[in-house]
Every structure is written in C-alpha cells, then in structure tokens.
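As structure tokens, the structure follows; a few thoughts come after it.
Just so you know, all these numbers are worked out from the coordinates, no wet-lab data involved. All values derive from a computational prediction rather than experimental measurement. For neighbour counting, all protein chains shown are included, and Cβ atoms are generated from backbone atoms with ideal geometry for every residue, glycine included.
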Amino acid sequence: MDLGGLKTGKMAEIKSAIELAMEKTKNLVIDSKEREEMAVKEIEDKVKAVIRRFTEEMIDHEDAAKELNKIQADSALKRTIIINNLVDQFDVHKENERLFALFHALEIDLPQTIRGEFEKLNEKFREEVGDREVAIQKRIKDILAGLDITGSAIEPNLDAWEEWHEEIKRTSNIFEKRIEELKDKVKASSKSI
C-alpha cells in the first residue's frame, strides 16, 4: 500500500478545493456600505464578548472598562454600542448595581432620572413580589389548615405551587414591559448621554 500516494492525493484534493474557493471569490468586491456594516458588527461582537464576561462575573467593572476602552473604533459609535448593549442587560430580576458601576467606570453617566427609574422599578418589583409571596403563603397555610395540617413549623414551599409561578410570571411581565420602555428611552437618547 502506497501511503505516500494517498497523502499526495488528499493534498491535491485540498489544494484544488482551496483553489476553487479562491477562484469563486476572486472577483467579489465589498462595497463601502457592506464594509461599514462588517466593521460595526465586529465592534458589537467585541463589546458583547466583554459585557458577557462581565455579566457572568468573570471580570469586574474596572477590567471590563479597560477592555472596552481598548476596542479600536470611532468613539461616538463605540459609545453608542456600549450603552445599547449595557442597557440590554438591565433586568428586574437582578441587582443592577454592577451595571451602574460599569457605566461609571466608563465615564458614561446615565441621567439621574433614568438611573432613578431603573432603581425604582427594581425596588417596586421586589416589593410586589414580596407582597404576593406573603399573600400566597397565607392562602397555602389556610388550605393546609383546612386539611388539619397546622403548626409553627409549617413553611410552605412556594416553588412546589403553580400559583406562585403564575404570580411571578404575571408580575415579571408587567415590570419587564416597563423596563423595555425605559431601555428604548435610553437607546433613543444614547448619542446625547
């Protein structure tokens, strides 16, 4: 068996495939609009990668700011991309203080009214969830008392009750709509921030 011939044959196949690809793309020209779109996409991808590592707590706000500042791009465009991608991370289910810290480290100051609105929505969401939790726990205890299951050690496991999941979902939907409206407001004004 001639392995040398086999090796040469495979290399010829690979070479001809590469040559074919080169011939097919030889006359392709990228216009300036496509080139610009590709550049913006590349910046967005770099920004998203840093923000993902930041949100997954692989890096802190100072390291994230350093990495984001190193990205080579038009400063206004990069700033808008960073703001839009950071704002996308706001979530009523999470503490958003880390995001505010990154905005500050990047010297991007959200207007106090917008920051206040995000904070107020977070606070109101937690209050609403807390109120609903208390109400549902009372209903569950009442149901259990009707079944002669009582005592100070009875602590309802809310995760086992579908009613709790429905309440959280309903509450989340209300607050997430308001958060999305606020995100859109920030994105619309991102060039002036």
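Each residue of region 102-107 was assigned a 3J(HN,Hα) from its phi angle through the Karplus curve 6.51 cos²θ - 1.76 cosθ + 1.60 (θ = phi - 60°); the sequence is 5, 3, 5, 4, 8, 6 Hz, with glycine and proline shown as x. Roughly how many Å is it from the Cα centre of region 71-119 to that of region 145-193, as a whole number? A separation of 24 Å, based on Cα centres. Ordering 51-58, 98-105 by mean Cβ neighbour count within 10 Å, with the highest value first, yields 98-105, 51-58. Within region 111-193, all pairs of alpha-carbon atoms sorted by distance into 10 Å bins from zero give the percentages 15, 35, 22, 15, 9, 3, 0. Going by alpha carbons, how many degrees (0 to 90, nearest 10) lie between the helix axis of 162-188 and the longest principal axis of the chain? It is inclined by approximately 50 degrees. One entry in [x] 1.27; [y] 1.06; [z] 1.25 is Rg/Rh (Cα atoms, Kirkwood Rh) calculated from the shown coordinates; its label is [z]. Here the peptides 76-83, 122-129, 111-118 are ranked by packing, the mean other Cβ count within 10 Å, and the order with the highest first is 76-83, 122-129, 111-118.
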